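What follows is one structure encoded as structure tokens, with my remarks underneath.
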Amino acid sequence: MIMSRVIPTTVGSYPRPPWFREYLRKVEGLQKEGGGGIDEATYAKAVAEVIREQRDAGVRVFTDGQLLWHDLLCHLATKIDGFEMNGLVRYFDNNLYYRIPKVKAKLERKRNIIVDEFRVAYSIEREIKAVLSCFTLAALSEDKFYGNKTDLVMDIAHIMNQEAKELVKKGAKYIQIDEPSLLYAEKEDLSIMKDAIEVIRRGVDAKFFLVTYFRDAERIFPEVLDFNVDVIGLDFVEGYEKNLNLLREFGVDKEIQAGIVDGRTTKMEDKEQVRRRVEAINEIVNGETLYVSPNTGLEFLPYSKASEKLKILCRSVGDINE
Amino acid sequence: MNRRLLPTTVVGSYPKPNWLRRLIREYEKGEISDKVMRRAYDDAVKAVVKEQELAGVDILWDGEMRRDEMTSYFARRIEGFTIYGEVRVWGNNYYPKPAIVDELRYKDELAVSDYKFLRKITDREIKVPITGPYTLVDWSFNEYYRTREEAVYALAEVINQELRRLVDEGANYIQIDDPAVPTHPEEIEVAKNSIEIVTRGVNAYIGMHMCYGDYSKIYPEILEFDVDQIDLEFANRGFKDVEIFKEYEFTKDLGFGCVDVHTRRIESVEEIKDNIRKAFSIVEPKRVYVDPDCGLKLLPSEVAFEKLRNMCQAARELREDLEG
Ligand SMILES: [Zn+2]
């Protein structure tokens, strides 16, 4: 049997280095949505630090840690015309809150969304995944304009397509679409998202990741297998058995990003168990690469625990490739 | 408990005076001694108690001058917890999130000395608020116990010891702050069992404060909790939730959050009277306790004082109307 090459990666967020957390608190205050007044050199220093943390742990495909993102939604929504930000609500089952974006007018991209951040990260490290979102942004927003989900998702998809093109111009090889809400979606949402991905990819020469987390992927199988993406990210912490069975039952001709250590607890996994689980997944999938990662972004952890978690991940799989 | 009609109370916290904040910062930098800091806290409590008395509050607490935060403050005083660092709640707001790394055991008292100090400086009735085990566990990492449930029950035993000590010292009104309970309706049984452990053998009037989540998902189940009073926020939600509680007979006393702590606007006496009357559609007036939605610590202290004063005046006028 030919085994896939196992490559450790991260999902997206990384806890802000404590000094940078204090810096942001000072320049942005406690209430604002963020963005303005941040010194680029200071930001670049923080990004370099979290990329170094990832590299030292053994990660090979990186994220910039989303250090300016206050949550998955508002960072995208505040840069898109037509959104307004509203009150706080709980982010899935986490003790983490986000501001609800409200759609008040036709959504349009009039400026870069994450391109400037990507440029900073890319100057430090080439193997960077740029993270965007489409369906989840639509699903967790309050729509006061479109009145139907398809139009809303499609307009966001067009915006993400423009952004992705710009990212590729700046060097991006990997585009990741984060879609936790897809795991709570209805069947008709899946066909909307399938079309949306075609729109996002159009004319974009990059490897596409569709990443899900917070629960098992039962609701998106087998439909997700027809999505035009190269890698599907699944949460093997919350849904190990179920996701394994889904892969067995339906087979998969795409690469997998397996969220294999728990990004939401400071409890450290047993390395042997992680290794066995990765091997079990590796036996089922047959892509060239099997990406392994924490199941979620790491911002749920205190700073010092994030790198410890990544070390567990990387050391567990360290000898699989040999 | 035999109290006058519509007793007024607070949920717990009160704005810290600016001079105290400055001293705390200096203390953290090691610039002032423990002894000076302790005296500063005592003085702050005296000032805050006086303000509550002037506002007309019947049942008061020390404003939580000594508590920085409602999770880590307790976690630092209970064996088995450690704190690795801060974790985000939203935006630029973080809290030191505790982790359970060993068996949870009673170490230091949590509120006994605060209670004893307060007893010396006021004749008013006292309510002692303490964070509930369910919420403490929900807001912590669990590295030690096999399940969340086990952790909750172990912590409930610790809190129970503290409550017994408080009662031994004379405390007769304890409030369990459990805002995490309505955010996990699927674990309502665990929360209920935890309260049973917490209150076992505790001979005092017990209230339970909850201010997040969807109340409709835990009602009427919360009526089965082993407490005398349920205290909820209503003002922040525009009193829409009153409807939820009309559906079944409300069999506890009701702590009725009638003043919004999330806005600096000072509600008028008339407005607050109207607000309180809404509680009477849930329970008869003699079962109603009047208080703000939640702790007042995020408000400027003048605003906190005005809100409390108007609230107490509103209760007084309604009381006179009702007693005829
Ligand atoms: Zn509260």
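The values are calculated or read from the model by the stated rules, or taken from the named source; none is laboratory data. These figures come from a predicted structure and were not determined experimentally. Here the Cβ positions follow ideal geometry from the backbone for every residue, glycine too, while neighbour counts run over all protein chains shown. The accessibility values were calculated without ligands, DNA or RNA, using every heavy atom of the protein model including side chains. Shrake-Rupley method; radii C 1.70, N 1.55, O 1.52, S 1.80 Å.
Take the residues in the range B:73-128 that are part of a strand (DSSP E or B) and among the small types (Gly, Ala, Ser); name whichever of them is farthest from the other protein chains (Cβ to nearest Cβ). That would be B:GLY80. Every condition in (1) closer than 22 Å to A:GLU179 by Cα; (2) surrounded by 22 or more Cβ atoms within 10 Å (Cβ to Cβ); (3) not polar (S, T, N, Q) is met by A:LEU140 except one, and the failing one is (2).
Once the range B:273-309 is narrowed to residues that are open to solvent by 30 Å² or more (accessible area, probe 1.4 Å) and in contact with an Asp or Glu (Cβ under 8 Å, 6 or more places away or on another chain), the residue that is nearest to B:CYS258 (Cα to Cα) is B:CYS294. Applying the criterion of being among the charged types (D, E, K, R) and more than 15 Å from the ligand (Cβ to nearest atom) to the residues of the range B:218-243, the residue that is surrounded by the fewest Cβ atoms within 10 Å (Cβ to Cβ) is B:LYS240. Pairing residues of the range B:101-118 that are at positive phi with residues that are surrounded by fewer than 21 Cβ atoms within 10 Å (Cβ to Cβ) and part of a loop (DSSP other than H, G, I, E, B), at Cβ distances under 8 Å and at least 6 apart in sequence or on separate chains, gives no pairs at all. Taking the range B:165-184 as the range and being out of contact with any helix residue (DSSP H, G or I) (no Cβ under 8 Å at 6 or more places or on another chain) and within 16 Å of the ligand (Cβ to nearest atom) as the test, only B:GLN175 passes. Number of residues in the range A:202-221 that are within 18 Å of A:SER191 (Cα to Cα), among the small types (Gly, Ala, Ser) and open to solvent by 10 Å² or more (accessible area, probe 1.4 Å) equals 0.
When the helices (runs of 4 or more DSSP H) confined to the range B:239-324 are screened for residues that are of a type in the set (Lys, Arg) and more than 29 Å from B:ASP226 (Cα to Cα), those reaching at least 1 such residues are found at B:269-279, B:301-323.
Candidates in the range B:12-51 are the residues that are in contact (Cβ under 8 Å) with a residue 12 or more places away in the chain, part of a loop (DSSP other than H, G, I, E, B) and open to solvent by 10 Å² or more (accessible area, probe 1.4 Å); of these, the one that is farthest from the ligand (Cβ to nearest atom) is B:PRO17.
Inclusion of A:ASP71 among residues that are among the acidic types (Asp, Glu), open to solvent by less than 50 Å² (accessible area, probe 1.4 Å) and more than 10 Å from chain B (Cβ to nearest Cβ) is not warranted.
The single residue among B:GLY56, B:GLY63 that is at pLDDT 95 or above and open to solvent by less than 10 Å² (accessible area, probe 1.4 Å) turns out to be B:GLY63. Report yes if some residue within the range A:181-189 is basic (Lys, Arg) and in contact with a Lys or Arg (Cβ under 7 Å, 6 or more places away or on another chain); otherwise report no. No, the range A:181-189 contains no residue that is basic (Lys, Arg) and in contact with a Lys or Arg (Cβ under 7 Å, 6 or more places away or on another chain).
One line per residue, one yes/no per condition, for (1) buried (at least 24 other Cβ atoms within 10 Å of the Cβ); (2) part of a strand (DSSP E or B); (3) within 12 Å of another protein chain (Cβ to nearest Cβ):
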{"site": "B:VAL137", "(1), (2), (3)": "yes, no, yes"}
{"site": "B:TYR144", "(1), (2), (3)": "no, no, yes"}
{"site": "B:GLU150", "(1), (2), (3)": "no, no, no"}
{"site": "B:ALA154", "(1), (2), (3)": "no, no, no"}
{"site": "B:GLN175", "(1), (2), (3)": "yes, yes, no"}
{"site": "B:PRO179", "(1), (2), (3)": "no, no, yes"}
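Residue pairs whose Cβ atoms lie under 8 Å apart, sitting 6 or more positions apart in sequence or on different chains, and linking a residue in the range B:290-308 that is within 14 Å of chain A (Cβ to nearest Cβ) to a partner that is acidic (Asp, Glu) and within 15 Å of the ligand (Cβ to nearest atom), are B:LYS297/B:GLU64. Scanning the range B:185-217 for residues that are buried (at least 18 other Cβ atoms within 10 Å of the Cβ) and within 16 Å of the ligand (Cβ to nearest atom) yields B:ALA191, B:GLY207, B:MET208, B:HIS209, B:MET210, B:CYS211, B:TYR215.
Going by what's in this entry, would A:SER316 be described as within 30 Å of A:GLY203 (Cβ to Cβ) and buried (at least 19 other Cβ atoms within 10 Å of the Cβ)? Against the criterion (within 30 Å of A:GLY203 (Cβ to Cβ) and buried (at least 19 other Cβ atoms within 10 Å of the Cβ)), A:SER316 does not qualify.
So is A:THR265 of a type in the set (Val, Ile, Thr), within 14 Å of chain B (Cβ to nearest Cβ), surrounded by fewer than 21 Cβ atoms within 10 Å (Cβ to Cβ) and farther than 24 Å from A:ALA46 by Cβ or not? Yes.
In this structure, does A:LYS129 turn out to be open to solvent by less than 10 Å² (accessible area, probe 1.4 Å) and modelled with pLDDT of 95 or more? Criteria met by A:LYS129.
Is at least one residue of the range A:90-111 without any contact (Cβ under 8 Å) to a residue 24 or more places away in the chain and away from chain B (no Cβ under 14 Å)? No, because not a single residue in the range A:90-111 is without any contact (Cβ under 8 Å) to a residue 24 or more places away in the chain and away from chain B (no Cβ under 14 Å).
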